[in-house]
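Trainee: Have a look at this one.
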Amino acid sequence: MNRKDTTARIAHVFRGTFVHSTPRAAVGILQNCVLGVDDEGKIAFIEKDQDVVSLSKLWGFETSDIKQLGQYEFFMPGMVDTRIHASQYSYTGTALDLPLLEWLNTYTFPVEAKYKDLGFANNVYTKVVRRTVKNSPTTACYFATMHTDASLLLGELADKFGQRALVGKVCMDSNSAVPQYKESPSECKEETDPLCKYENKNILSDCFAPSCSSSLLSELGEIANKNNHISENEEEVELVKTLFPSCKSYTDVYLMHNLLTDRVNCNGPTDEKLEIFRETGSAISHCPNSNISICSGMLNVRNVLNHKVKLGLGTDVAGGYSPSMLDAMRRTLDTSKTLTIQDPQHKTLSFEEVFRLATLGGSEALSLDDQIGNFVVGKDFDALRVNVCVPDGPIDLFPGEGPKVILEKFLNLGDNRNITEVYVAGRRVVPFPDT
Ligand code: GUN
């Protein structure tokens, strides 16, 4: 037990069970522990609870201030949604009958064009942020629309509800079935530049190659915000081949435009592409609900992990019909099992591995793992307080079930009724202050 020189004061101390992942262990269960959060929202200590009196003297808190978790409660790190199209939230749960390219022109672009109207944007963005904060992601990587004002509004709403958010303005100048929903490369650059500087918020650019000309991609490569698509489905890959005939592959399109530097979303990467992703530090956002819902394909996550490429999970609302990261975890397991049914040699993912992908993996994919992702001293306290035994809840427990079974039941059966509190950077954001 030691205390580095710091003037920070302790804001919260919790005692009970903490479940998280580390690079070595997909699930680490820390029982009978005390965790202190300082007034900057960072984890000050996490220790066994044998000697809370000495700890309280060392850190200057009262033992009576310790918040004790119940027998069926635990804390886990907040989940990270690495891809969610906030602008598509109004039609989530519908419009799942077309493959990606037709789906974009039929449903997505006409709705995204409406975000010119800030009243419309405010209504949908308030609802998506409220819904997601309650449903598990403490961090969301949001895709907005082409509109700068509405994109800024989304960032402000995330701040208001206390969610950690990265917001990306969409950039596109080609192949939109909605004539007013595109802009020129220079307009796009002018609008994106100030967004990148906005209060240090990481504002990203969504580059969907079929919607961008080569000159737009080059402009964006100079800004080098990095959130791109690669190979959603075969039809898209074929389209990209005709649009960019001088590039060897879809990956090559981004490589050639200096955009393959950080985060990508893809489905069927070859081993060769995975090597490029690893070398460039690119990460994959795996969105299994959307992959199935709009018939894009099934990603072999095991192969990605074997190549040591960073990978996080995403809901990809509204291509994916659920804004819940618990759903993203379950679909990841379903896809992995489907791959095993097709090929018994395939090594199915375990629920523990998927837990790591939804938390630490997501933080790595967004390059935030120095700040969030697990319960390590010095990181921000982004956490879910889970109670598997709530009145009228979705989970039944039986004698002899230990913490690992309780975790597994929550991941497979739980919902937001079991998430009784949400903390982001040490601040309690759920329950909402107004409820
Ligand atoms: N817009 C461009 N590509 C995509 C995608 O893959 N998913 C969603 N939800 N929207 C998109």
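The values are calculated or read from the model by the stated rules, or taken from the named source; none is laboratory data. Because the structure is predicted, anything quoted here is derived from the model rather than measured. All Cβ positions, even for glycine, are placed from backbone atoms using ideal geometry, and neighbour counts span all protein chains on display.
Trainee: Just checking, how many residues over the stretch 209-238 are surrounded by fewer than 22 Cβ atoms within 10 Å (Cβ to Cβ), modelled with pLDDT of 75 or more and of a type in the set (A, V, I, L, M, F, W, C)?
Mentor: Adding up the residues that qualify gives 1.
Trainee: Now, a different point. Does A140 meet the test of being closer than 30 Å to F381 by Cα and within 14 Å of the ligand (Cβ to nearest atom)? Explain how you work it out, then say what you get.
Mentor: Working: closer than 30 Å to F381 by Cα: yes; within 14 Å of the ligand (Cβ to nearest atom): yes.
Yes, satisfied.
Trainee: To continue, here is another question. Does at least one position in the stretch 169-178 carry a residue that is part of a helix (DSSP H, G or I), modelled with pLDDT under 95 and of a type in the set (D, E, K, R)? So that I can check it myself, show each step before the final result.
Mentor: Going through the stretch 169-178, the residues part of a helix (DSSP H, G or I) turn out to be none.
Within the stretch 169-178, not a single residue is part of a helix (DSSP H, G or I), modelled with pLDDT under 95 and of a type in the set (D, E, K, R).
Trainee: Follow-up question, since we're still on this one. Here are some residues: S136, S151, S174. Which one is surrounded by fewer than 19 Cβ atoms within 10 Å (Cβ to Cβ) and of a type in the set (S, T, Y)? Lay out the reasoning, then the answer.
Mentor: On the way: S136 fails: surrounded by fewer than 19 Cβ atoms within 10 Å (Cβ to Cβ); S151 fails: surrounded by fewer than 19 Cβ atoms within 10 Å (Cβ to Cβ).
Exactly one of S136, S151, S174 is surrounded by fewer than 19 Cβ atoms within 10 Å (Cβ to Cβ) and of a type in the set (S, T, Y), namely S174.
Trainee: Need a quick list: helices (runs of 4 or more DSSP H) entirely within the stretch 295-414 having at least 2 residues that are within 16 Å of the ligand (Cβ to nearest atom) and under 13 Å from the mean Cα position of the chain (by Cα).
Mentor: Helices (runs of 4 or more DSSP H) meeting the threshold: 325-342.
Rundown of residues vs (1) more than 30 Å from K127 (Cβ to Cβ); (2) outside the structural domain of L397 (by the TED database); (3) within 32 Å of the chain's Cα centre (by Cα), yes/no style:
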site	(1), (2), (3)
D39	yes, no, yes
K48	yes, no, yes
V53	yes, no, no
K67	yes, no, yes
Q88	no, yes, yes
Y91	no, yes, yes
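Trainee: Quick check on the stretch 132-143. Is at least one of its residues assigned to a helix (DSSP H, G or I) and at pLDDT 95 or above?
Mentor: Just the residues of the stretch 132-143 that are assigned to a helix (DSSP H, G or I), to begin with: 132-135.
Filter once more, so that each one left must be at pLDDT 95 or above: 132-133.
Yes, some residue in the stretch 132-143 is assigned to a helix (DSSP H, G or I) and at pLDDT 95 or above.
Trainee: Another question about this same structure. Would you call R417 in contact (Cβ under 8 Å) with a residue 12 or more places away in the chain and farther than 21 Å from M329 by Cβ? So that I can check it myself, show each step before the final result.
Mentor: On the way: in contact (Cβ under 8 Å) with a residue 12 or more places away in the chain: yes; farther than 21 Å from M329 by Cβ: no.
When the stated conditions are applied, R417 does not pass them.
Trainee: Quick check on this structure: which one of G361, G426, G378 is among the small types (G, A, S), within 19 Å of F74 (Cα to Cα) and at pLDDT 95 or above? Full working, then the answer.
Mentor: Values: G361 fails: within 19 Å of F74 (Cα to Cα); G378 fails: within 19 Å of F74 (Cα to Cα).
Every option except G426 fails the conditions.
Trainee: Count, please, the residues in the stretch 109-124 that happen to be surrounded by fewer than 19 Cβ atoms within 10 Å (Cβ to Cβ) and either at positive phi or away from the ligand (no atom under 14 Å from the Cβ) (or both).
Mentor: Residues flagged as surrounded by fewer than 19 Cβ atoms within 10 Å (Cβ to Cβ) and either at positive phi or away from the ligand (no atom under 14 Å from the Cβ) (or both) within the stretch 109-124 amount to 8.
Trainee: When residues of the stretch 90-108 are filtered for being of a type in the set (G, A, S) and more than 11 Å from the ligand (Cβ to nearest atom), how many remain? Working first, answer last.
Mentor: Of all residues in the stretch 90-108, those of a type in the set (G, A, S) come to 90, 93, 95.
Now drop any that are not more than 11 Å from the ligand (Cβ to nearest atom), which leaves 90, 93.
Here the count works out to 2.
Trainee: Looking at F351, F410, F398, which is the one that is modelled with pLDDT of 95 or more and buried (at least 22 other Cβ atoms within 10 Å of the Cβ)? Don't jump to the end; show me each part of the working.
Mentor: Numbers: F351 fails: buried (at least 22 other Cβ atoms within 10 Å of the Cβ); F398 fails: buried (at least 22 other Cβ atoms within 10 Å of the Cβ).
Of F351, F410, F398, the one residue that is modelled with pLDDT of 95 or more and buried (at least 22 other Cβ atoms within 10 Å of the Cβ) is F410.
Trainee: Just to be sure, is D159 farther than 17 Å from L313 by Cβ, free of Cβ contacts under 8 Å to residues at least 12 places away in the same chain and among the charged types (D, E, K, R)?
Mentor: Criteria met by D159.
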